[in-house]
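Data block below; observations after.
The values are calculated or read from the model by the stated rules, or taken from the named source; none is laboratory data. Not measured: the values here are computed from a predicted model. Because the Cβ atoms are built from the backbone with ideal geometry, glycine has one as well, and the counts that use them run over all protein chains shown.
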Amino acid sequence: MFSYAILDGSHREHPKDSVFVGEPSGADKLKISCVLRRREEAPDYPDVQLTHGQLQDAYGASLEDIQTVEAFTAKHHFTIESVNPAARLVTFSGKLEALAAAFGVKLELRNVGGQIIRTRSGDIHIPIELKDVVVAVLGFDERPCTRTLHRVLNRAGQVSYLPNQVALAYNFPTNKGANQTIALIELGGGYNDSDLQSYWSKVGIAPVSVTAIGVDGSDNSPSGDPESADGEVALDIEVVGAVAPSARIAVYFAPNTDQGFLDAINAAIYDTVRKPSVISISWGGPESSWTPQAMNAFNAAFHDAALLGISVCVAAGDGGSNDGVGDNANHVDFPASSPWVLACGGTRLQAHGNKIISETVWNDGVNGGATGGGVSTHFSMPAYQAHCNVPLPPAGGNPTGRGVPDVAGDADPASGYLIIVDGQTGVIGGTSAVAPLWAGLLALFNEALGKNVGWIHPHIYTAGVQQKAFHDITSGNNGSFSARPGWDACTGLGSPNGQAILSLLK
């Protein structure tokens with residue numbers, strides 16, 4: 001008899017409104033990712049940027065823990081696919097039937113929105129010898145873990161900008177991001193080189209270096225539909241490229257599952273060839289749609305990025321204070337709610353040249369979208385927000401929660417970004433535009449400073465407001481929360497005054 005333990009935070013139900021259609025084939029080959037504990041707790045406020053080797057030696061997985069997992073796989077005749085001690089990740093494969101039995105997992109094939117996928121319900125069980133060693137197990141469930149956070153404008157007669165025009169209004173530094181690599185995480189869709197060349201010409205810049213990297217079998221696969229994920233991919237690339245045209249852009253394509261998403265993030269963080277200094281993520285979903293084990297695994301990866309001096313910018317969501325859940329309660333988007341990422345909220349901008357005429361919270365109503373924002377029920381309030389008067393989290397969460405977002409930028413499709421996608425020119429908004437906008441800005445900072453800004457939060461929360469490094473948004477709401485002087489749960493500290501932020505970082 002073997003003794004098993006329930007893996008904390010692994011419980012989940014089949015997707016709501018899904019329909020059972022059958023059992024998955026036990027003979028199918030499946031790849032599973034086990035996330036291991038750190039050998040030692042990492043510091044909450046990293047003051048020294050580590051190399052990848054230093055991170056592995058100090059806060060990676062121990063050899064003993066890796067060997068424990070390898071012994072488990074050998075006992076069950078599973079095949080080790082990869083071991084990443086720095087990311088604390090062991091990936092192995094085997095037949096679905098054997099893997100499901102080894103982890104006590106219940107799997108079904110279900111119709112989810114017209115797509116037949118494998119999902120699980122209940123808890124994941126692990127042998128008692130892996131208790132505390134393994135902190136997350138991903139790969140059994142194929143359900144999409146995120147959605148794109150971009151909005152396509154379908155109304156005529158509204159204002160639109162090129163990204164470099166928005167950068168001008170926000171007083172971005174005039175350097176170009178040379179010697180920087182910006183990573184974009186994409187969970188579907190693709191881009192066309194012809195669209196990009198047309199766009200760089202329209203913006204009036206030389207062609208920008210863009211490279212596609214496939215993760216877990218995904219690749220650059222444009223669908224031809226501008227309102228699909230293609231719109232997200234084009235928005236990310238074209239905003240970043242227009243803002244930091246001398247930077248290299250690395251686009252990591254992965255499956256839209258929690259396993260694929262984490263693998264893409266790790267691929268960017270631990271890419272010692274391209275060496276991204278900034279990562280931009282414009283995909284997410286309500287915290288309530290995630291398992292705690294997955295959120296904790298992602299959060300640890302973002303902590304690694306901070307330790308390595310890599311900045312991570314994440315869109316805060318387009319569903320207002322409810323995050324599109326539809327239950328009349330407040331929700332925030334993950335991974336924006338991780339305290340290690342720069343959560344990017346949205347505004348409606350009216351600007352002329354380098355002058356902001358007006359800027360308010362983006363809120364076009366239920367059908368038009370609104371900036372995400374609120375208070376995490378999973379992550380506790382970080383020390384850098386202690387004096388921000390963050391509201392109480394929804395019932396059932398932490399006594400205090402992480403406030404979302406940290407910063408903001410133009411997101412309303414009615415003041416959106418002119419983009420070329422699948423051969424068509426249109427206007428796209430959403431907080432999906434704000435994450436790459438800030439990613440481009442941080443790359444400019446890195447070039448100007450001659451070093452990585454990395455985890456910028458302590459700098460902007462302590463000195464940013466006093467030195468007027470932000471345009472404080474004080475008008476509008478995202479549903480339950482209203483803008484106010486200082487930090488708020490709609491636009492965070494505000495939209496950037498790029499040169500002023502750069503001055504406080506020197």
Handout entry: Condition broken by Thr400, with the remaining ones in (1) in contact with a Gly (Cβ under 9 Å, 6 or more places away or on another chain); (2) surrounded by fewer than 21 Cβ atoms within 10 Å (Cβ to Cβ); (3) more than 21 Å from Gly285 (Cβ to Cβ) satisfied
Key = (1)
Problem - Meets criteria (surrounded by fewer than 17 Cβ atoms within 10 Å (Cβ to Cβ), touching a residue at least 12 places away in the same chain (Cβ under 8 Å), not polar (S, T, N, Q) and not in a strand (DSSP E or B)) for Asp57 - result: no
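Here is a list: Asp323, Asp304. Which entry is charged (D, E, K, R) and under 11 Å from Gly372 (Cβ atoms)?
Residue meeting the stated conditions: Asp323.
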Completion exercise
Per the list (1) in contact with a Pro (Cβ under 6 Å, 6 or more places away or on another chain); (2) closer than 16 Å to Leu504 by Cβ, residue check on Pro458 breaks on (1)
Exercise for the section: Tell me, please, whether a residue that is in the same structural domain as Cys388 (by TED's automatic domain parsing), within 19 Å of Ala315 (Cβ to Cβ), over 23 Å from the mean Cα position of the chain (by Cα) and surrounded by 20 or more Cβ atoms within 10 Å (Cβ to Cβ) can be found in region 482-505. Expected result: yes
Practice task
State all residues of region 464-481 that are over 28 Å from Ala329 (Cα atoms), of a type outside the set (A, V, I, L, M) and either surrounded by 20 or more Cβ atoms within 10 Å (Cβ to Cβ) or at pLDDT 95 or above (or both); if no residue qualifies, say none.
Solution key: Gly464, Phe470, His471
Completion exercise
Note on region 74-126: residues of a type in the set (Val, Ile, Thr), closer than 23 Å to Ala297 by Cβ and within 27 Å of the chain's Cα centre (by Cα) are Val83, Val90, Thr91, Val112, Ile117, Thr119, Ile124
Practice task
Tell me, please, whether a residue that is in contact with a Pro (Cβ under 8 Å, 6 or more places away or on another chain), at pLDDT below 95 and surrounded by 18 or more Cβ atoms within 10 Å (Cβ to Cβ) can be found in region 161-178.
Solution key: no
Practice task
Starting from region 1-25, take each residue that is more than 12 Å from Ser121 (Cβ to Cβ) and list its partners that are in a loop (DSSP other than H, G, I, E, B) and among the small types (Gly, Ala, Ser), counting only C-beta distances under 9 angstrom and pairs at least six apart or across chains.
Solution key: Tyr4/Gly104; Ile6/Gly104; Asp17/Gly113
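What's the total number of residues in region 444-463 that are small (Gly, Ala, Ser), surrounded by 17 or more Cβ atoms within 10 Å (Cβ to Cβ) and either in contact with a Lys or Arg (Cβ under 7 Å, 6 or more places away or on another chain) or within 20 Å of Leu493 (Cα to Cα) (or both)?
Number satisfying all stated conditions: 1.
Regarding region 467-485, can at least one residue be identified that is of a type in the set (D, E, K, R), without any contact (Cβ under 8 Å) to a residue 24 or more places away in the chain and over 18 Å from Val278 (Cβ atoms)? Walk me through it before giving the result.
Step one: list which residues in region 467-485 are of a type in the set (D, E, K, R), which gives 468, 472, 484.
Restricting the remaining residues to those that are without any contact (Cβ under 8 Å) to a residue 24 or more places away in the chain gives 472, 484.
Imposing the further condition that a residue be over 18 Å from Val278 (Cβ atoms) reduces the set to 472, 484.
Looking for residues that are of a type in the set (D, E, K, R), without any contact (Cβ under 8 Å) to a residue 24 or more places away in the chain and over 18 Å from Val278 (Cβ atoms), one finds at least one in region 467-485, hence yes.
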Practice task
Out of Gly284, Gly189, Gly260, report the one residue that is at pLDDT 95 or above, assigned to a strand (DSSP E or B) and in contact with an Asp or Glu (Cβ under 6 Å, 6 or more places away or on another chain).
Solution key: Gly284
Exercise for the section: Give region 113-136 a look and list any residue that's within 23 Å of Lys16 (Cβ to Cβ) and surrounded by fewer than 18 Cβ atoms within 10 Å (Cβ to Cβ), or say none. Expected result: Gly113, Gly114, Gln115, Ile116, Ser121, Gly122
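Each row is one residue, and each column tells you yes or no for (1) in the same structural domain as Trp340 (by TED's automatic domain parsing); (2) in contact with a Lys or Arg (Cβ under 8 Å, 6 or more places away or on another chain); (3) within 30 Å of Trp340 (Cα to Cα); (4) in a strand (DSSP E or B).
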| residue | (1), (2), (3), (4) |
| --- | --- |
| Asp17 | no, no, no, no |
| Glu41 | no, no, yes, no |
| Gly53 | no, no, yes, no |
| Ala61 | no, yes, yes, no |
| Thr73 | no, no, no, no |
| His77 | no, no, no, no |
Completion exercise
Exactly one of Thr474, Thr462 is of a type in the set (Ser, Thr, Tyr) and in a helix (DSSP H, G or I), and that residue is Thr462
Exercise for the section: Being surrounded by 24 or more Cβ atoms within 10 Å (Cβ to Cβ) and either of a type in the set (A, V, I, L, M) or assigned by TED's automatic domain parsing to the domain that holds Thr425 (or both) narrows it down to one of Ile213, Ile205, Ile185, so name that one. Expected result: Ile185
Practice task
Could you grab the pairs with beta carbons closer than 7 Å, sequence gap of 6+ or different chains, first residue in region 114-140 and touching a residue at least 12 places away in the same chain (Cβ under 8 Å) and within 17 Å of Thr257 (Cα to Cα), second one among the small types (Gly, Ala, Ser) and in a strand (DSSP E or B)?
Solution key: Leu138/Ser33; Gly139/Ser33
Handout entry: Lone unmet requirement of (1) in a loop (DSSP other than H, G, I, E, B); (2) in contact with a helix residue (DSSP H, G or I) (Cβ under 8 Å, 6 or more places away or on another chain) for Val83
Key = (1)
Exercise for the section: Please work out which residue is surrounded by the most Cβ atoms within 10 Å (Cβ to Cβ), limiting yourself to region 293-335 and to residues that are of a type in the set (Val, Ile, Thr) and in a loop (DSSP other than H, G, I, E, B). Expected result: Val332
Exercise for the section: Identify all residues within region 208-245 that are within 17 Å of the chain's Cα centre (by Cα) and either part of a loop (DSSP other than H, G, I, E, B) or aromatic (Phe, Trp, Tyr) (or both); write none if there are none. Expected result: Val215
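Can you tell me which residue among Pro405, Pro413, Pro382 is more than 20 Å from Ala469 (Cα to Cα), buried (at least 24 other Cβ atoms within 10 Å of the Cβ) and of a type outside the set (Asp, Glu)?
Being more than 20 Å from Ala469 (Cα to Cα), buried (at least 24 other Cβ atoms within 10 Å of the Cβ) and of a type outside the set (Asp, Glu) holds for just one of Pro405, Pro413, Pro382, which is Pro413.
A quick yes/no check of all residues on (1) of a type in the set (A, V, I, L, M, F, W, C); (2) in contact with a strand residue (DSSP E or B) (Cβ under 8 Å, 6 or more places away or on another chain):
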position	(1), (2)
Gly60	no, no
Val69	yes, yes
Thr79	no, yes
Pro85	no, no
Leu99	yes, yes
Leu109	yes, yes
Val112	yes, yes
Arg118	no, yes
Ser121	no, yes
